[in-house]
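Q: Before anything else, here's the structure in question.
The values are calculated or read from the model by the stated rules, or taken from the named source; none is laboratory data. Please read these numbers as outputs of a predicted model, since none were measured by experiment. Neighbour counts run over all protein chains shown; Cβ positions are idealised from the backbone, glycine included. Surface areas here come from the heavy atoms of the whole protein model, side chains and all, with no ligands, DNA or RNA. Shrake-Rupley method; radii C 1.70, N 1.55, O 1.52, S 1.80 Å.
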Amino acid sequence: MKLIFERSTPGHCSDYLPKSDVEKAPRPEKFLRKAKWMLPEVAEVEAARHYKELADQTFGVVSGFYPLGSCTMKYNPRLNERVASFPGFTNIHPLQPKDTVKGCQAVIDLADEMLCAVTGMDKITIQPAAGAHGEFLGLLLMKAYFDHHGQTQRTKMLVPDAAHGTNPASAVMVGFDVVNIPSNANGCVDVEALKNALGDDTAGLMLTNPNTLGLFDPQILEITSLVHEAGGLCYYDGANLNAIMGQVRPGDMGFDVIHLNLHKTFSTPHGGGGPGSGAVGCKDILKPYLPSSFLGKDERPEHSVGQVRSFYGNFGVVVRALTYMLTLGAEGMREASQTAVLNANYLMHLLKDVFPVAYDHICMHEFVLTLADIKKETGISALDVAKGLLDFGMHPPTMYFPLIVPEALMLEPTETESRQSLIDAAEKYKLVKEKICSAPDELRNAPLTTYIGRPDEVKAARNPILRYEE
Amino acid sequence: MAGYIPSTSDERQLMLEELGMKDYKDLYVDVPASVLLDELPGVAKGISEMEAETAMRAMAEMNVLYPTVLRGAGIYDHYIPSIVDTVAGKEEFVTAYTPYQAEISQGVLQSIFEYQTMICELTGMDASNASVYDGASAAAEGSMMCLKRNRNVVYVADNANPETIETIKTYAYGRDVKVEMLSSKKGVIDVNVLEDALCDEAACLFVQQPNFYGLIEDIEAIADKVHNKGAKLIVGCYPTALGMLESPGALGADIATGDGQPLGIPMGYGGPTVGFMATKKAMVRQLPGRIVGQTTDSRGGRAFVLTLQAREQHIRREKASSNICSNQALCALRAGVYMAVMGKKGLSEAAELSYDKAHYLAKRLCEIPGIKMVYDGPYFNEFMTTLPVDAAQIEKALHKVGILSGLPVDGGMLWCVTEKATKEALDLTVQTVRGAVSK
């Protein structure tokens, strides 16, 4: 389809702003814009049709089954969107006098209280804008803690090999050296390897539990106490909190600091890649290091790390998450996580005779299939299967993650799918499986029914075209 | 309680039985019994959608809405065409994930490609990423882009927004990088001493255009001096101002960053907004974050994909250029729609109206005894004045007539005017301030 620039016609525009009602002031000639530049020239109807067409070529949670593992693509309640658009939230300047933003403060305080209750933490900051941003801040709190306690030798961050790629990348941004901890045969932390890695240079451990294989690590209490005994701190990657929301708290498992993905567990929409919110929670020992807004003049903790972005965070996302929490309440949150886990186990049960499950064990909110043997025997890869699923009108699972499972497909159905929709989805997986023998070329060429066929990614990277040129 | 689960408890019981389980507790057998909860303490019972809406509305109504906002300092009250809300409210855009599956995500991918193009045009740069969290984190990521083994000192102009300065310092603390503040003189960077002020290890200088006090910096001269020292220049810009002022790219900057909030995103108590980042060809592969590129598909047609992923964390893990793995897509979409429908004409109008109205207010305010401009250089739509009385007094007086005053800064006031302020509101401002001063 056309780009907005290709719909442009000289002179097309709309009048959005009034004529000036004040005198024209002298211009700073030296600094005025002289170099040639270009923006589209479109009438509003042309823009409206353009974006309608773009929306039609976008697959959202409303478009169909979206079991993208590790992303928690649950339904985004529409009430939350309505509430977030109240002018009393949207038209507020962040630097208004404090007594004129009591409603915003009430939202933040209540979200803090409820998220602390869910996680077992003592304090929440909503400043980080995304999960990776939360990891960055959480690790900064650890670094500041050790600096303040004169333990600057604690430079090693232990990260299991099943961790999200952001974990090691975040650790490096905070100056830690990453030490990989292997998984054992059950897909959980190899405790002996952990013991060997621990020492007085250990800053801490970053752990996702349930992990990226969808398994809850039953050794969790032993793991966190080993890290504490060595003088390290425990970081909880909250990406997978949807499995355990209201069932078990990271704080009770021994974690000192966590990040949450409000855009996963707490139903705020992903928006095609953001905005999200990577709220960070911590125990009392890390409170003195929390960030604050300089201009916002919130009370700055004694040894604050500063701030990781402007103002208070993605407030509008927190409004949505709070609305969700109020609506569900304690029992609703528990029902959501139980159903998410039930749905994942049910789908795994329906699929395990279709594609091999990487770890055949009760899973949490997600599970991983491995197509390594199928690839070896037939040449059909996890990518081919994923692309084949596109022709059945559903979003494929996460592909090739976690890295420790070859030819991985990771499925997370979430709680907002019915039994019937899981059965229907499994039927389609079976049809794709049958094509591996009956029509392998169709899979290699899939998808056939989408707006575009498989894009040439190598070409895109080798000869980058990153903008439109006239 | 309003739940969002499309199954009854009977259906779920049936599913459990099909799995050979008695109840949900069988799903959590791996959780140590000592930490498994039977109920969630500290959280109230759920409520209906109607009750939740009422509760949230009550909180929104505890806030004060100002018909006229004369405060900026990072967040600006510009007019948002209604179509921006309509497009950004489309369910597919709202509920999609990061566009990993290009075949069913062309809409999001193309909207980002268009956004990247418009950011390049606005800033005069060659390449833009798909956006980052906000202007402050964009400045910090931009600074980290410039680090090299023998160039590891980041300079920041002391007249940049303090929120941005703080954020750069925090990122630098993480990487054990030194940050030096560059002192300004009479509100702006002193180009004559700039070269001497930078050390040989200088990686980059971050300046803001217009700066925190609203003053216009001489970017061209600054770029020359910074390049003479072999360092990079990062310019954090106010996008609306670029409807009128020369782009940083044309003036020699290496990286342009900024907050896209003025481009169709409501103030929203400071977030979410969107951070833009663009650079020249030479530094494209150092650019962090998502980038969308054009390619062809298996049918020979044009297609868009996430590209240059070899820089990113999910491939490179600890060797990645940054940990960032999302953008602010829906906010970038808003900025894209805003720039598309406003066009050069609309953006220039917004800039010129803001400029003229700010100058009108400044002139009128300075007619009041005891109020004068703190700096005398050219400014865009923000300016600092002295105050003969306590700033809180002015703030309170204007509050009573529905006007959010300028921001109290260093005993004076940092005023900001956009196209939304009418002459009537500005005259009322002057009259009210005059009254407060003479009391």
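Q: Given a 1.4 Å probe and the protein chains all in place, what does the accessible area of A:Glu442 round to, in Å² to the nearest 10?
A: 80 Å²
Q: Taking every pair of alpha-carbon atoms in the protein assembly as shown, what share in percent sits in each 10 Å bin, from 0 to the bin with the longest distance?
A: Bin by bin from 0 Å, the calculated values are 2, 13, 23, 26, 20, 11, 4, 1, 0.
Q: Projected onto the charge dipole of the protein assembly as shown (+1 at Lys/Arg Cβ, -1 at Asp/Glu Cβ, origin at the Cα centre), which of A:Pro275, B:Met267, A:Cys363 gives the Cα projection farthest towards the positive end?
A: B:Met267
Q: Using the per-residue mean of other Cβ atoms lying within 10 Å as a proxy for protection, in what order, highest first, do the peptides B:294-304, A:401-411 fall?
A: Details: B:294-304: 17.7, A:401-411: 21.4.
For the peptides B:294-304, A:401-411, the packing ranking is A:401-411, B:294-304.
Q: Taking 0.36 nm per residue of sequence separation and subtracting the Cα-Cα distance, how much length would be gained by fully extending the chain between B:Asp38 and B:Ala392, in nm to one decimal?
A: Residue separation times 0.36 nm, minus the Cα-Cα distance, leaves 122.3 nm.
Q: Averaging sequence separations of C-alpha pairs under 8 Å and six or more residues apart, then dividing by the length of region A:331-458, give the relative contact order as a whole percent.
A: Rounded, it is 28 percent for region A:331-458.
Q: Another question, then. When averaged across all projection directions, what area in nm² does the alpha-carbon convex hull of region A:281-401 cover? All intermediate terms of the calculation are to be shown ahead of the outcome.
A: Values: hull surface 49.8 nm².
With the hull built on Cα positions only, its mean projection is 12.4 nm².
Q: Show which lysines lie in cross-link reach of A:Lys98 when reach means a straight Cα distance below 23 angstrom and same-chain residues fewer than eight apart are skipped.
A: The qualifying lysines are A:Lys123, A:Lys287, A:Lys297, B:Lys396, B:Lys400.
Q: Moving on. Give the accessible surface of chain B per residue, rounded to a whole number of Å², with probe radius 1.4 Å and ligands, DNA and RNA excluded.
A: About 34 Å² of surface per residue is accessible.
Q: Summarise the partner chain shielding of B:247-258 as one whole number: the mean count of Cβ atoms from other chains within 10 Å of each residue's Cβ.
A: Partner Cβ neighbours, averaged per residue: 1.
Q: Any idea what the dipole of region A:331-458 comes to, in debye rounded to 20, about its Cα centre with Lys/Arg Cβ at +1 and Asp/Glu Cβ at -1?
A: So the magnitude is around 180 debye.
Q: How much of the calculated P(r) for chain B lies past 34 Å, in percent of all Cα pairs?
A: When all Cα pairs of chain B are counted, 43 percent exceed 34 Å.
Q: Share of antiparallel DSSP beta bridges in region B:61-211, in percent to the nearest 5?
A: Values: 3 of 12 bridges.
Restricted to region B:61-211, the bridges split so that about 25 percent are antiparallel.
Q: Considering every residue in A:239-251, what mean count of other chain Cβ atoms within 10 Å of its Cβ is obtained?
A: Working: counts 0, 0, 0, 0, 3, 5, 1, 4, 10, 7, 4, 1, 1.
Mean inter-chain Cβ contacts per residue within 10 Å come to 3.
Q: Moving on. Which lysines, if any, have their Cα less than 18 Å from the Cα of A:Lys36, not counting same-chain residues under 8 positions apart?
A: Once the sequence-local lysines are set aside, what remains near A:Lys36 is B:Lys280, B:Lys344, B:Lys345.
Q: Here is a follow-up. Mind computing the radius of gyration and Dmax over the alpha-carbon atoms of region B:85-135? Å is fine for both.
A: For region B:85-135, the Cα-based Rg and Dmax read 12.3, 33 Å.
Q: Roughly how much of B:Lys169 is accessible, in Å² to the nearest 10, using a 1.4 Å probe?
A: Surface open to solvent at B:Lys169 totals about 90 Å².
Q: Give the lysines whose C-alpha is closer than 28 Å to that of A:Lys435, dropping any in the same chain fewer than 8 places away, or say none.
A: Partners found: A:Lys352, A:Lys375, A:Lys376, A:Lys387.
Q: Given Cβ point charges of +1 (Lys, Arg) and -1 (Asp, Glu) and nothing else, what value in debye, to the nearest 20, does the dipole of region A:79-324 about its Cα centre take? Don't skip to the end; give the middle numbers.
A: On the way: 16 positive and 24 negative charges, 167 e Å.
The dipole magnitude comes to about 800 debye.
Q: At most 11 other Cβ atoms within 10 Å and a DSSP loop assignment: could you name the trypsin sites (Lys or Arg not before Pro) in region A:279-324 that fit?
A: On the way: sites: A:Lys283, A:Lys297, A:Arg309, A:Arg320; in loops: A:Lys283, A:Lys297, A:Arg309.
Here the sparse-neighbourhood loop sites are A:Lys297.
Q: Of A:Lys34/B:Lys363; B:Lys90/B:Lys281; B:Lys178/B:Lys225, which ones are farther than 32 Å apart at the Cα?
A: Working: A:Lys34/B:Lys363 27 Å; B:Lys90/B:Lys281 34 Å; B:Lys178/B:Lys225 21 Å.
Violating the 32 Å limit, Cα to Cα: B:Lys90/B:Lys281.
Q: With angles folded into 0 to 90 degrees, how steeply does helix B:329-365 sit against the dominant principal axis of chain B? Use alpha carbons for both and round to 10.
A: 30 degrees
Q: Under Stokes-Einstein, with the Kirkwood radius over Cα pairs standing in for Rh, what whole-number D in µm²/s applies to chain A at 37 °C and 0.692 mPa s?
A: So the translational diffusion coefficient is about 133 µm²/s.
Q: Something else: How crowded by other chains is A:318-331, given as the mean number of beta carbons from other chains within 10 Å of each beta carbon? Intermediate results must be reported in sequence, preceding the final value.
A: On the way: counts 3, 5, 1, 0, 4, 6, 3, 4, 12, 13, 10, 10, 10, 7.
If you average over the peptide's residues, the count of other-chain Cβ atoms is 6.
Q: Same structure again: Considering all projection directions equally, how large on average is the shadow of the alpha-carbon convex hull of region A:380-427, in square nanometres?
A: In nm², the orientation-averaged hull projection of region A:380-427 is 3.7.
Q: Go through A:Pro26, A:Ser14, A:Val42 and say which Cα lies farthest out towards the positive end of the charge dipole of region A:1-48; charges sit on Cβ, +1 for Lys and Arg, -1 for Asp and Glu.
A: About the Cα centre, the residue reaching furthest to the positive side is A:Pro26.
Q: So, one more: Using the crude model of +1 on Lys and Arg Cβ and -1 on Asp and Glu Cβ, and no other charge, please compute the dipole size for region A:233-290 relative to its Cα centre, in debye to 20.
A: 100 debye
Q: Still on this structure, I have one more. How big is region A:190-302 by the Kirkwood estimate over distinct Cα pairs, in Å? Could you put the intermediate results ahead of the total?
A: Details: mean 1/r = 0.0639 Å⁻¹.
One decimal place: 15.7 Å for the Kirkwood radius.
Q: Take every Cα pair under 8 Å in chain B that's 6+ residues apart, average their separations, divide by the length, and report that relative contact order as a whole percent. Numbers along the way, then the final one.
A: Working: 786 pairs, mean separation 89.2, N = 439.
This gives 20 percent for chain B.
Q: Here's something else I'd like to know. Which order do A:Trp37, B:Trp415 take when ranked by solvent-accessible area (1.4 Å probe, heavy atoms of all protein chains), largest first? Each step should come with its number before you reach the end.
A: Numbers: A:Trp37 25, B:Trp415 0 Å².
Heavy-atom accessible area, descending, gives A:Trp37, B:Trp415.
Q: Taking only C-alpha pairs under 8 Å that are 6+ residues apart, what is the relative contact order of region B:82-337 in percent?
A: 27 percent
Q: Rounded to the nearest 5, what % of the DSSP beta bridges within the protein assembly as shown are antiparallel ones?
A: Percentage antiparallel, nearest 5: 55.
Q: Compute the Cα gyration tensor for region B:82-337, then decide on rounded, prolate or oblate, letting a ≥ b ≥ c be the square roots of its eigenvalues: rounded whenever a/c is under 1.5, prolate when a/b is larger than b/c in the other cases, and oblate in all that remain.
A: Taking the square roots of the gyration eigenvalues as a ≥ b ≥ c, region B:82-337 is prolate.
Q: Can I ask one more? Using Cα-only point scatterers and the Debye equation, what is log10 of I(q)/I(0) for region B:298-439 at each q in 0.15 Å⁻¹, rounded to two decimals?
A: Taken in order of the listed q values, log10 I(q)/I(0) reads -0.81.
Q: Mean Kyte-Doolittle of at least 0.5 plus a Cα span of 24 Å or more along the axis: flag which DSSP H helices in chain A meet both, please.
A: Span-like helices in chain A: A:102-119, A:315-351.
Q: Above 23 angstrom, tally the Cα pairs of region A:331-458 and express them as a % of all pairs, no decimals.
A: When all Cα pairs of region A:331-458 are counted, 32 percent exceed 23 Å.
Q: Between A:Val458 and A:Glu377, what is the label-to-label distance in nm when each label sits 7 Å out along the Cα-to-Cβ direction?
A: The two pseudo-label positions are separated by 2.9 nm.
Q: Follow-up. Please report the net charge: other residues with Cβ closer than 9 Å to the Cβ of A:Gly231, K and R +1, D and E -1. Display every interim value, and only then the final one.
A: Working: positive: A:Arg154; negative: A:Asp200, A:Glu229.
Local net charge: -1.
Q: Shifting gears a bit: Mind giving me the FRET efficiency for B:Gln13 and A:Asp441? R0 is 60 Å, r the Cβ-Cβ distance, nearest 0.05 is fine.
A: 0.85
Q: Return one number: the angle in degrees, 0 to 90 and rounded to the nearest 10, between the long axis of the Cα atoms of helix B:391-400 and the longest principal axis of the Cα atoms of chain B.
A: Helix B:391-400 and the main axis of chain B meet at about 70 degrees.
Q: May I pose another question? Okay, helix-only estimate at 222 nm for the protein assembly as shown: each DSSP H run of n ≥ 4 adds -39500 (n - 2.57), divide by all residues, round to 500 deg cm²/dmol; what do you get?
A: Calculated mean residue ellipticity at 222 nm is -11500 deg cm²/dmol.
Q: Antiparallel versus total DSSP beta bridges in chain A: what percent is that, nearest 5?
A: So the antiparallel bridges in chain A amount to around 50 percent.
Q: On to the next question. Please name whichever of A:Leu390, A:Ser438, A:Ile423 sits farthest to the positive end of the charge dipole of region A:331-458, dipole taken about the Cα centre and charges placed at Cβ: Lys and Arg +1, Asp and Glu -1.
A: A:Ser438
Q: Counting C-alpha atoms alone, how compact is region A:4-56: give Rg to one decimal and Dmax as a whole number, in angstrom.
A: Just the Cα atoms of region A:4-56 yield Rg and Dmax of 15.9, 47 Å.
Q: Using 7 Å Cα-to-Cβ label points, what is the A:Asp177/A:Val354 separation (nm, one decimal)?
A: About 4.7 nm separates the two model spin labels.
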